[in-house]
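*Asks:* Here it is: the structure, laid out below.
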Amino acid sequence: MDASITNPAPTSNALWQLAPGYVHIWLWQVASHPLDPKELTTLDSREHRRAERFRPALHRAQWVRSHTGMRHILSGYLGCAPADIVFRRGSNGKPFLEKPSNDAPNPPHFNLSHSHDWCALAVARDLDLGIDIQIPHPVNPSLWRRVLTSVEKTHMTTLSPNDRDPAFFRCWTRKEAIGKADSQGVYIHLKRTETGLLPLPGNSSIIAAINASGTPTPWHVTDLNLPASLYGAIATSEPVTIQLHALEQIDLIL
Ligand SMILES: CC(C)(COP(=O)(O)OP(=O)(O)OC[C@H]1O[C@@H](n2cnc3c(N)ncnc32)[C@H](O)[C@@H]1OP(=O)(O)O)[C@@H](O)C(=O)NCCC(=O)NCCS
């Protein structure tokens with residue numbers, strides 16, 4: 001486990017206390033059984049329309065459950081019902097929570113990632129963040145030759161074949177996390193932002209080559225040590241301490 005990641009034993013109140021400089025990461029698996037229409041009741045009309053577009057039904061059920069899970073978790077921080085949360089979308093569609101009134105405290109920042117039946121939600125106060133998780137699969141070398149920087153590609157050729165897929169997923173999730181933190185998505189970073197292939201010390205600082213105004217921007221990137229062979233990374237605008245709430249802890253609130 002990375003030195004900057006702690007596993008708290010939360011009590012119900014402590015779960016929602018989010019001190020400045022901390023990121024809570026919620027990790028859970030969604031069920032695959034058919035959707036009960038009641039499960040859609042906490043979602044808004046936009047989410048209903050998105051849910052309708054998913055095929056097959058398994059993917060719809062998993063996506064709906066990722067959003068009901070996200071709403072339940074965020075409702076704990078906001079002190080409101082899951083159905084009352086109003087999501088706004090910023091540049092490139094990145095979701096955020098709006099301040100309900102001028103004198104209300106800033107709502108938390110959050111970012112969601114899915115991979116198959118796994119979901120991860122990162123929540124923090126007053127900092128920008130992006131998270132990515134991936135279930136690994138065998139990677140054809142033609143993929144990393146296409147999507148990495150020249151330095152990363154050269155490094156990849158020096159690794160033993162068994163080390164290449166782990167290196168690829170470390171690198172990919174870091175680029176995705178940066179692309180989600182700055183809302184630009186992964187593609188702009190693939191061949192321009194060096195994120196490296198080897199495990200990072202906690203809170204490593206990576207210069208993202210491009211931001212929306214063309215200025216190089218530093219992001220603090222942390223590799224996440226996750227169960228079930230998942231790869232994950234988080235990028236934040238400040239150095240952070242990460243608290244991972246995994247699996248059975250989410251049963252406390254759903
Ligand atoms: C959305 C995106 C950033 C991440 O997608 P991904 O890796 O396939 O999926 P993940 O599961 O990790 O993340 C998806 C979640 O990220 C959030 N998200 C959506 N847009 C986002 C953005 N621009 N930045 C950060 N997070 C975003 C949403 O919560 C989304 O969940 P939802 O689909 O259930 O609503 C990716 O699709 C992408 O790179 N898109 C291009 C961004 C873009 O629009 N660029 C400009 C083109 S005009």
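*Asks:* Scanning for something under 20 Å from Asn111 (Cβ atoms) and out of contact with any strand residue (DSSP E or B) (no Cβ under 8 Å at 6 or more places or on another chain), does region 21-33 turn up at least one residue?
*Replies:* Start the filter on region 21-33 by keeping residues that are under 20 Å from Asn111 (Cβ atoms), which leaves 21-30.
Next, from what is left, pick out any that are out of contact with any strand residue (DSSP E or B) (no Cβ under 8 Å at 6 or more places or on another chain): none.
No, that holds for no residue.
*Asks:* Which numbered condition trips up Phe110, out of (1) away from the ligand (no atom under 14 Å from the Cβ); (2) modelled with pLDDT of 95 or more; (3) buried (at least 18 other Cβ atoms within 10 Å of the Cβ); (4) not acidic (Asp, Glu)?
*Replies:* The number of the failed condition is (1).
*Asks:* Run down Ser160, Ser115, Ser150, Ser142 and say which single residue is within 30 Å of Ala31 (Cβ to Cβ) and polar (S, T, N, Q). Break it down stepwise before answering.
*Replies:* On the way: Ser160 fails: within 30 Å of Ala31 (Cβ to Cβ); Ser150 fails: within 30 Å of Ala31 (Cβ to Cβ); Ser142 fails: within 30 Å of Ala31 (Cβ to Cβ).
Being within 30 Å of Ala31 (Cβ to Cβ) and polar (S, T, N, Q) holds for just one of Ser160, Ser115, Ser150, Ser142, which is Ser115.
*Asks:* Considering only residues that are in a loop (DSSP other than H, G, I, E, B) and among the hydrophobic types (A, V, I, L, M, F, W, C), look in region 13-39 and name the one that is farthest from Trp118 (Cα to Cα).
*Replies:* Restricting attention to region 13-39, the residues satisfying the condition of being in a loop (DSSP other than H, G, I, E, B) are 13, 17-21, 30-36.
Those left that are additionally among the hydrophobic types (A, V, I, L, M, F, W, C): 18-19, 30-31, 35.
Details: Leu18: 23, Ala19: 26, Val30: 6, Ala31: 10, Leu35: 17 Å.
Out of the qualifying residues, it is Ala19.
*Asks:* Within region 112-162, work out how many residues are of a type in the set (A, V, I, L, M, F, W, C) and closer than 28 Å to Thr241 by Cβ. Give the steps one after another, and end with the answer.
*Replies:* Going through region 112-162, the residues of a type in the set (A, V, I, L, M, F, W, C) turn out to be 112, 118-124, 127, 129, 131, 133, 135, 139, 143-144, 147-148, 151, 156, 159.
Remaining after also requiring closer than 28 Å to Thr241 by Cβ: 112, 118-124, 127, 129, 131, 133, 135.
Going through region 112-162 one residue at a time, the tally reaches 13.
*Asks:* Do you know which residues across region 156-198 are of a type in the set (Asp, Glu) and over 18 Å from Val139 (Cβ atoms)?
*Replies:* Asp182, Glu194
*Asks:* Tally up the residues in region 122-137 that are crowded, with 19+ Cβ neighbours inside 10 Å, hydrophobic (A, V, I, L, M, F, W, C) and within 19 Å of Arg164 (Cα to Cα), please.
*Replies:* Total satisfying the criteria: 1.
*Asks:* I've got another one for you. Just checking: which of the helices (runs of 4 or more DSSP H) contained wholly in region 141-211 hold 1 or more residues that are touching a helix residue (DSSP H, G or I) at 6+ places or on another chain (Cβ under 8 Å) and within 16 Å of the ligand (Cβ to nearest atom)?
*Replies:* Details: elements: 141-147, 150-158, 161-181, 187-190.
Here the list reads 141-147, 161-181, 187-190.
The values are calculated or read from the model by the stated rules, or taken from the named source; none is laboratory data. It should be emphasised that the depicted structure is a prediction, and the values quoted were computed from it without experimental measurement. Virtual Cβ from ideal backbone geometry, glycine too; neighbours counted across all protein chains shown.
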